[in-house]
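Inspection log for the structure reproduced underneath, given as structure tokens.
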Amino acid sequence: MAAGEGKRLRPLTNTRPKCMIQLAGKPILQHVLENLKAAGVNDSAVVVKYKKEEIISYFEKNPIPGMKLSFIEQDDRYGTAAAFGNAEGFATETFFGVAGDIITDASALVALGKNAEGEVSAALHAVEDAREYGTAIITDGKIASFEEKAAKPASNLANCSLYVFEPGIFKKIAGLKKSPRGEYEITDLLKGATAVEIDGFWLDMGMPWQLFSANEYLLSKLPDHKDKVENCTVRGKIYMARGAEIHDSVIEGNVYIGEGSYVGPHAYIRGTTSIGKNCGIGDSTTIKNSIIFDHVNAKHLTYVGDSIVGSNCNFGAATQVANYRFDAGNIKAVVNDVVIDTKRNKLGAIIGDNVKMGVLTSVMPGKMIGDSCWVDAGIVVKENVERQTHLVLHQALTKRKIGEKELG
């Protein structure tokens, strides 16, 4: 399922589907498909709708080796069951049904396939705070009922959006009625399904700051692969794609440097950081625990901490993205006009594509800057900025001749 927009992940999803957000050098959907291939799947169909052209174009240029891939456009019905229902002509035997934005390991899919029984089987994962998830109540190995983000959940087993179905499920999907929110929900068909608990890493990314955990996990799995590293101090693991270079800089932590990107001189990359293709990270710039998309330039005296930066952004000299409150409290962010406690005491900015920051600009913790914005020199961004906005600083200047006394 890759038809959704991911509204809570704006501004990143203003210009791409949620599943095409890049982590550790690849879109999320590519990680999902590679896991399916590793689990033994050779034929996959991706259900698309929102900005479908970007998904199709990317995978035409970057196919999954050994996997036949086709695309199905979702019709005007909404919901997870509607998405699966569109694949009826494709899935004529036992099949996996998975969300295209779930980060986990291939072993979870292998375990699900091995333990699947009956017409429907669903993967479940124990979580710390079940109030944030749809959870399943299990009786004798079967799903007895579901709770959706209950205040006091009776179970801590989250629905992973990973399923094994028999083709007979399509008749039941066709008979579904809309849920109270106007969608066709696959959870309405999971009562009585086989419950398969999976271990290891699993993450459903509903909020922008959850991308950091997924990025950390994916980078931990990459090998140490250095290429052009000259006169640098390295304390950690680096994966460098083709044509990447690092000169006269310090690297600390697990770091990914994308194809054709240049780091240095005197840059400081630390924490768990991914830097995309054809980026320039330059003199006295610090990038800390951040996700930087393709074609981003931060070449002079810039600090970017605990942030996500979309493609084609440019940071003027001495741009500072703050990530910490004076009182050391949790950072709050406004998502779709709702104030949310991120439960993080360090969080910088979420910046959309094609943003230009003037020299000496600053961004306060937890702020969102929409795509295609211009932020003039010297501005301090203290609130979210809507997409395609030009922020202009107006100064009140007083002029007097040298030696004249100041009036008043």
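The residues of the chain present an accessible area of 48 Å² per residue when probed at 1.4 Å with all protein chains retained. Identify which of Pro180, Pro63, Pro265 has the largest mean-square fluctuation in a Gaussian network model of the chain, with springs joining Cα atoms closer than 10 Å. Result for the chain, Cα springs under 10 Å: Pro180 fluctuates most.
Of all the options Gly200, Gly352, Gly276, the one that moves most in a Gaussian network model of the chain with Cα springs shorter than 10 angstrom is Gly200.
Ordered from largest to smallest accessible area (heavy atoms of protein chains, 1.4 Å probe), the residues Arg181, Arg235 come out as Arg181, Arg235.
Sorted largest first by accessible area at a 1.4 angstrom probe radius, with every protein chain in place, the residues Ser107, Ser155 fall in the order Ser107, Ser155.
Using a cut-off of 29 Å between Cα atoms, the listed pairs Lys228/Lys382; Lys221/Lys288; Lys114/Lys277; Lys26/Lys226; Lys226/Lys343 include Lys228/Lys382; Lys114/Lys277; Lys226/Lys343 as exceeding that distance. A Cβ-based charge dipole, computed about the Cα centre of the chain with Lys and Arg at +1 and Asp and Glu at -1, lands at about 1100 debye.
Rounded to the nearest 20, the Cβ-based charge dipole of segment 283-360 about its Cα centre (Lys and Arg +1, Asp and Glu -1) stands at 180 debye. A cut-off under 9 angstrom between Cβ atoms defines the neighbours of Arg387, and their net charge, with Lys, Arg +1 and Asp, Glu -1, is -1. Ranking Ala328, Pro153, Ile103 by Cα position along the charge dipole of the chain, where only Lys, Arg, Asp and Glu carry charges on their C-beta atoms, puts Ala328 farthest toward the positive end.
Highest GNM mean-square fluctuation among Lys288, Lys37, Lys68, for the chain modelled with Cα contacts below 10 Å: Lys68. Of Lys356, Lys367, the residue with the largest accessible area leads and the full order is Lys356, Lys367 (1.4 Å probe). Of all accessible surface on the chain at a 1.4 Å probe, what whole percent is carbon and sulfur? Result for the chain: 49 percent of the exposed heavy-atom area is carbon or sulfur. Leu189 contributes an accessible area of around 30 Å² to the protein surface, as traced by a 1.4 Å probe with all chains present.
Compare the Cα positions of Leu33, Val48, Asn14 along the charge dipole of segment 1-48 (+1 at Cβ of Lys, Arg; -1 at Cβ of Asp, Glu; about the Cα centre) and return the one farthest towards the positive end. Working it through, the farthest residue towards the positive pole turns out to be Asn14. The distance linking segment 302-360 with segment 1-28 is 18 Å (Cα centroid to Cα centroid, whole angstrom).
The values are calculated or read from the model by the stated rules, or taken from the named source; none is laboratory data. None of these values were measured; they are calculated from a predicted model. Quick reminder, even Gly has a Cβ in these numbers, built from the backbone with ideal geometry, and neighbours come from all protein chains shown. Heads up: the accessible areas ignore ligands, DNA and RNA and are worked out on the full protein's heavy atoms, side chains in. Shrake-Rupley method; radii C 1.70, N 1.55, O 1.52, S 1.80 Å.
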